[in-house]
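Written out below as structure tokens is the structure these notes cover.
The values are calculated or read from the model by the stated rules, or taken from the named source; none is laboratory data. All values reported here derive from a predicted model rather than from experimental measurement. Backbone-built Cβ (ideal geometry, glycine too); neighbour counts: all protein chains shown.
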Amino acid sequence: MSERKMGLIDFVFPKNCFSCNKQGYYLCPTCVTRLKHAPTNCPMCGQYNFQGKTHISCRQKYGMEGKLACYSYRGPIKKALVQMKYHYSYKIAEELARICLIEVKSYTQLINNCVLVSIPTKPRRYNWRGFNQAEIIAKVWSDELNIPYLDNALIKQKSTLPQARLDKAQREKNIKNAFRINAEKQEALNKFENILVVDDVWTTGSTMREAGKVLKRNGAKYVWGITVAG
């Protein structure tokens, strides 16, 4: 990753490594090599399973096939994602997405005949923050890895409380029935065997499982969740 010239956004949100404070990066190349990979856990029960696949015993009719989180949600990755969300810097989302490219690319079986969709946000929150970080991440992966991306394939149809404030049971209840398929994108979605649902962080998985359930109920064959951190 090469040094880039500073723009207006860099003066508003100074670009210093969240780990070593080196200028020009949010996470410098040296610190990226020290990041810890996220554990490969079953998306349904949260326990370890090879490559993040769903345990046979955890499979459900509308359940996900697996999940991939690139890095552990701690240290500089966590700092970067918190700053991105609460200080409204979409440039952080772009850089984190590029840092994850090698990890995402290594899942060759997934990225063949797949389409990316992103976890949506309500228009009010989008207007307040100015961007949807899941959408930005998905677009970077789409452009860099030549994977199709369907924008607005999922629509958030009800207001929810911020998931970070809730425990696991409250998150499940909060996000239930929050999404629906965009009817205009249904035909396009049906052309792909694998649907990769993109978000920034996997915590309890409530949001991702709810999105996967909606996709499965509308004809999706295989659904995986894919995030920067988890």
>> Looking at the structure I just gave you, is residue 180 within 27 Å of residue 96 (Cα to Cα), of a type outside the set (A, V, I, L, M) and free of Cβ contacts under 8 Å to residues at least 40 places away in the same chain?
In response: no
> Just checking, which of 211, 188, 164 is closer than 22 Å to residue 73 by Cα and surrounded by fewer than 17 Cβ atoms within 10 Å (Cβ to Cβ)?
Replying inline: 164
>> When the residues of the stretch 10-44 are narrowed to those that are outside any loop (DSSP other than H, G, I, E, B) and aliphatic (A, V, I, L, M), which ends up farthest from residue 91 (Cα to Cα)?
In response: 32
>> Against the condition surrounded by 18 or more Cβ atoms within 10 Å (Cβ to Cβ), over 14 Å from the mean Cα position of the chain (by Cα) and of a type in the set (Gly, Ala, Ser), how does residue 106 come out, does it pass?
In response: no
>> Return the residues of the stretch 158-180 that are over 19 Å from the mean Cα position of the chain (by Cα), polar (S, T, N, Q) and in a loop (DSSP other than H, G, I, E, B); say none if nothing qualifies.
In response: 159, 177
> So residue 211 clears everything in (1) in contact with a Phe, Trp or Tyr (Cβ under 6 Å, 6 or more places away or on another chain); (2) in a strand (DSSP E or B); (3) within 11 Å of residue 119 (Cβ to Cβ) except one condition, right? Which one?
Replying inline: (2)
> Just for the stretch 172-198: of the residues that are of a type in the set (Asp, Glu) and within 14 Å of residue 115 (Cα to Cα), which one is modelled with the lowest pLDDT?
Replying inline: 193
